[in-house]
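> Structure provided below as structure tokens; questions to follow.
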Amino acid sequence: MEINFECKKCKGTFDCDVGKVSMNEETFRPIFEEKLICPKCGELTMDEVFLTELGQGQLTEATINL
Ligand SMILES: [Zn+2]
């Protein structure tokens, strides 16, 4: 599925196809099947991106049934 992120490096927002989404039950952080790729900066870790408001909504929808 596609989730909207903001890159902390270039401050740009982008849609990234993260594949399947699951949740780490200890940290409650999402786990993505695919890598996060910023169109400008390339591969990013979860710590290098923010979820946008749109992305948070998309993530909530993706994980609500887990
Ligand atoms: Zn970037």
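Values quoted throughout were computed directly from the atomic coordinates according to the rules given, and no laboratory measurement underlies them. Predicted, not measured: the structure shown is a model, and the values here were computed from it. So basically every Cβ, Gly included, is an ideal-geometry build from the backbone, and we count neighbours across all protein chains shown.
> Do you know which residues across segment 50-60 are within 16 Å of the ligand (Cβ to nearest atom) and outside any strand (DSSP E or B)?
T52, G55
> Do you know which residues across segment 32-49 are loosely packed, with under 13 Cβ neighbours inside 10 Å and part of a strand (DSSP E or B)?
Within segment 32-49, G42, E43 meet the criteria.
> Considering only residues that are of a type outside the set (D, E) and touching a residue at least 40 places away in the same chain (Cβ under 8 Å), which ones fall in segment 1-49?
M1, I3, N4, F5, C7, K8, V21, S22, M23, V49
> Okay, next question. For segment 22-31, what are the residues that are assigned to a strand (DSSP E or B) and either of a type in the set (V, I, T) or under 15 Å from E2 (Cα atoms) (or both)?
S22, P30, I31
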